[in-house]
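The values are calculated or read from the model by the stated rules, or taken from the named source; none is laboratory data. All values reported here derive from a predicted model rather than from experimental measurement. Using ideal geometry, Cβ is built from the backbone for each residue, glycine included, and neighbour counts are taken over all protein chains shown.
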Amino acid sequence: MILRGRDECQFKLATVAAVVDIGKCVVREWGGFGPPAGGQSLRPNSLGGGVMEEVTEYPADLRVDYPDRQLNRLTSFFRLFTAIPIGIVAGFLVYGVCWGEGWRFLGTFVVAPTALMILFRQKYPGWWFDWNLALARFTGRFLAYLALLRDEYPSTEDEQSVHIDIAYPDARAGLNRWMPLVKWLLAIPHYIALFFLGVAAVVIVVIAWFAILFSGRYPRDLFDFVVGVLRWYLRVWAYAFLMATDVYPPFSLAR
């Protein structure tokens, strides 16, 4: 059967609508599990055990303003290409650059020095934290742009519409000096969950890409799911690698 003109257009719209509905079903299945960020949370102690404590708000949070307007279809269509320049900048900052026979890191998250400082001195230098936070915010803006959540080109300085907050810790009173040795190990269940959530998020972004091309809008349920996955990644990163908190991250997409 050959569809032409209006019939072909209606067929394409119906196909996109069906794909979006499938995406929403995936979001409902994946997005509702786990306790919210508030309430009871399991915090491992230095011996690897855990105690239940009341957590009203997790010390690391990510929010992205929903674009309640028509998104740019042209830049959305070519997003993988338009993101290349800023992606190169982000790659140099986060992973460093290969120079000569070995690796010469021009910039990266301050992880190992922070772990050693907490372990031996029970200190978290403020300027190290500020660097980690600024780099996390820039990386968040890049990932939000790549995932089609926003169509403003990522700024290297301005906050724009992606909000990342990580509370500065009191290393002596609020951080266990031995936890940096085991945090990466305790977070293994999160690595497994985030692997599957990351795959699901990629599928959702592809579905949203089609929705934006045909309707100019990012379906809200799909938007919230992708933001929730990014928020989950941030919490695990802040716990296991930035070492900004000893509170175990919740298994939840919610704030």
Next on the checklist: Of all residues being in a loop (DSSP other than H, G, I, E, B) and touching a strand residue (DSSP E or B) at 6+ places or on another chain (Cβ under 6 Å) in the range 227-254, which is surrounded by the fewest Cβ atoms within 10 Å (Cβ to Cβ)? Just the residue, please.
Outcome noted: VAL247
Checklist outcome for this item: Inside the range 110-151, the number of residues satisfying the requirement of being buried (at least 18 other Cβ atoms within 10 Å of the Cβ) and not in a helix (DSSP H, G or I) is 7
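Would you check if there is a residue in the range 209-217 being outside any helix (DSSP H, G or I) and touching a helix residue (DSSP H, G or I) at 6+ places or on another chain (Cβ under 9 Å)?
Of all residues in the range 209-217, those outside any helix (DSSP H, G or I) come to 216-217.
Right, trim to touching a helix residue (DSSP H, G or I) at 6+ places or on another chain (Cβ under 9 Å) and you get 216-217.
Within the range 209-217, one or more residues are outside any helix (DSSP H, G or I) and touching a helix residue (DSSP H, G or I) at 6+ places or on another chain (Cβ under 9 Å).
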Next on the checklist: Could you tell me how many of the residues in the range 56-78 are touching a helix residue (DSSP H, G or I) at 6+ places or on another chain (Cβ under 7 Å) and assigned to a helix (DSSP H, G or I)?
Outcome noted: 4
Next on the checklist: Need pairs with beta-carbon distance below 6 Å; first residue without any contact (Cβ under 8 Å) to a residue 60 or more places away in the chain and within the range 113-137, second in a helix (DSSP H, G or I); sequence gap 6+ or separate chains.
Outcome noted: GLN122/ALA171; GLN122/ARG172; LYS123/MET117; LYS123/ALA171; TRP128/THR114
Checklist entry - Mind checking which pairs have a first residue in the range 148-161 that is farther than 23 Å from VAL203 by Cα and free of Cβ contacts under 8 Å to residues at least 40 places away in the same chain and a second that is part of a loop (DSSP other than H, G, I, E, B) and not polar (S, T, N, Q), Cβ under 8 Å, 6 or more apart or different chains? => result GLN160/ARG150; GLN160/GLU152; GLN160/PRO154
Checklist outcome for this item: Listed by first then second residue, the pairs whose first member lies in the range 77-94 and is on the phi < 0 side of the Ramachandran plot and surrounded by fewer than 16 Cβ atoms within 10 Å (Cβ to Cβ), whose partner is part of a helix (DSSP H, G or I) and modelled with pLDDT under 90, with beta carbons under 8 Å and at least 6 positions apart or on separate chains, are none
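For every residue, the table says whether it meets (1) modelled with pLDDT of 95 or more; (2) under 30 Å from LEU116 (Cα atoms); (3) crowded, with 20+ Cβ neighbours inside 10 Å; (4) charged (D, E, K, R).
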site: GLU157; (1), (2), (3), (4): no, yes, no, yes
site: HIS163; (1), (2), (3), (4): yes, yes, no, no
site: ALA171; (1), (2), (3), (4): no, yes, yes, no
site: LEU181; (1), (2), (3), (4): no, yes, no, no
site: TYR191; (1), (2), (3), (4): yes, yes, no, no
site: LEU194; (1), (2), (3), (4): yes, yes, no, no
site: VAL202; (1), (2), (3), (4): yes, no, no, no
site: PHE225; (1), (2), (3), (4): yes, no, yes, no
